[in-house]
Amino acid sequence: MFVMNYTFVTNKHLSILSNTSKNIRTTLQLFGQEEQDKPYFVSEGAGLMMYPEEGFRADFYIYAICIAGTARISLNNQEIGIKANHFFAAIPSTVIQVFEHSKNFKAKVLVFEKSFLLRNILDARQLEHLGFFSFDTLAHIDLDKQAFQLLKNKLDIIYDKTKEDGLFRDQIIQSLIFNLLFETADIFFKNRQLVRKKALSREDELFMKFMKLVQFNFKTQQELSFYADKLFISPKYLIQLCKNISGKTPGNILSETLVNEARLLLKMPDNNISSVSTALNYSSVAAFSKFFKKHTGISPSAFRQQ
């Protein structure tokens, strides 16, 4: 998610658009920003945001606050409306699509890779502890004036620091980002009237590991035994812990993930139903169409026409 003036996508970008997953570098290239290999990016918030027409799957963390205008987006097929003073966030593998935004839409956005933020950090679960970076939470809240100004100021400081040179610049930015995230977590939990857990339970950890396995294997692995074996638990226990935490069975979660990916691929004009079926490892177009209609209520061809 980046803030900038309109940038039109030319033919040289088509190969990037055909890939549903975008890392920070390719996303910067897509939107006309100069190449850079940094594992983080923060926008100044001085322009308009622009996305490709189809959705894409980000492989980085996204943190954003809207400073003007309105937008309508979806995160993992959950549509939300955004306006000034709104905060929203997304984790890697989130399917993102922007449907529309006003001409005066502006947002301050921070994106970063997990490996950068957790470099030299002993507890790799730090981000999950924050609450708004989790698989089962749609992080989207309306900030009051005081909270909005606090977070905006912290993003400004991070942006200014990225423009400076220094031997320990990345370490300072890492520290500033953590400070921003913990301040946001306090605001988020107060807003949602939640009590922060001191530590994740074993079920929480297993569920997050299951979700990560799903994101990397859902196209080729639909058998429950595969995931249970990877987690060294029984299929029966995996079903129970998924129900306890998400209210869904592992089968439901796998089906939803496949459907979201299918929607994403079907929206791309260069894809046809046969190529999408093949990409999702279905034995035939008929089998894929039957699955898609069962979970969406319409056929793939009808979905494309919409």
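The values are calculated or read from the model by the stated rules, or taken from the named source; none is laboratory data. Note that the coordinates shown come from a computational prediction; the quantities given were computed from them, not determined experimentally. Please note: Cβ atoms are built from the backbone with ideal geometry, for glycine as well, and neighbour counts cover all protein chains shown. Calculation scope for accessible area: heavy atoms of the full protein, side chains included, ligands and nucleic acids excluded. Shrake-Rupley method; radii C 1.70, N 1.55, O 1.52, S 1.80 Å.
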- In straight Cα distance, which lysines are under 21 Å from Lys290, not counting same-chain residues fewer than 8 positions off? Lys219, Lys267
- Task: Based on the mean of other Cβ atoms within 10 Å per residue, sort peptides 95-106, 261-272, 60-71 so the most packed one is first.
- Result: 60-71, 261-272, 95-106
- Message: Please compare each pair in Lys83/Lys103; Lys83/Lys108; Lys83/Lys152; Lys38/Lys103 to a cut-off of 20 Å on the Cα-Cα distance and tell me which ones are over it.
- Response: Lys38/Lys103
- Message: Using a 1.4 Å probe on the protein heavy atoms, what percent of the accessible area of the range 197-306 belongs to carbon and sulfur?
- Response: 52
- Given the Cα-Cα distance of Phe178 and Lys230 and 0.36 nm per residue of separation, how much length would full extension add, in nm? 15.6 nm
- Cross-link reach from Lys243 to lysines, straight Cα distance under 18 Å and at least 8 residues apart if same chain, gives Lys209, Lys212
